[in-house]
Amino acid sequence: MPYAYDDQNIFAKILRKEIPNDTVMETEHTLAFRDIRPQAPHHVLVIPKGSYVCHDHFCIAASDAEIVDFMRVSGKVCQMLGIQPGEGGQGFRTISNAGEHGVQEVPHYHMHILAGRGLGRMLNPA
Ligand code: AMP
């Protein structure tokens, strides 16, 4: 079944500048901005500007240029925040929720970057 992209989702509205965002970094293909309900001292969302629903959709359908740009921006955001464990920072977690079981709230692909405190184990027991 093809991925159905809902262009009324909140991140599509942010990309169309219909609602504001707290931008951290922007490039030709990618936008990084602060999460409106931060779950850690640093909580940044990285999104492609293209219409991709979730991680697998992006990885399969996006161009090489979009994918490289997205990954570079995610790394540069870590650099900007000073959270890289190999560079004196104390580390971070990236998360991408997809679909129902992943509890994805906004159906536009995004990567969460969380940092600034100990984040606990990856998952709670079911
Ligand atoms: P997810 O559950 O992975 O889809 O996460 C969606 C994230 O988007 C949540 O962490 C929300 O707090 C965040 N969010 C929703 N609306 C906005 C907004 N207008 N600006 C920034 N972050 C938002």
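Scanning the range 19-50 for residues that are acidic (Asp, Glu) and touching a residue at least 60 places away in the same chain (Cβ under 8 Å) yields one hit, ASP35. For the range 2-18, the condition of being more than 16 Å from the ligand (Cβ to nearest atom), exposed (fewer than 12 other Cβ atoms within 10 Å of the Cβ) and either assigned to a helix (DSSP H, G or I) or free of Cβ contacts under 8 Å to residues at least 40 places away in the same chain (or both) holds for at least one residue. State yes or no: is LEU123 within 14 Å of the ligand (Cβ to nearest atom) and either touching a strand residue (DSSP E or B) at 6+ places or on another chain (Cβ under 6 Å) or not hydroxyl-bearing (Ser, Thr, Tyr) (or both)? In short, no.
A single entry from GLY88, GLY118 fulfils the requirement of being free of Cβ contacts under 8 Å to residues at least 60 places away in the same chain, more than 13 Å from the ligand (Cβ to nearest atom), at positive phi and exposed (fewer than 13 other Cβ atoms within 10 Å of the Cβ): GLY88.
Readers should treat all values here as calculations from the given coordinates under stated rules, not as data from a laboratory. Fair warning: this is a prediction, and the values are worked out from it, not measured in the lab. A quick note on method: Cβ atoms are made from the backbone with ideal geometry, for glycine too, and the neighbour counts reach across all protein chains shown.
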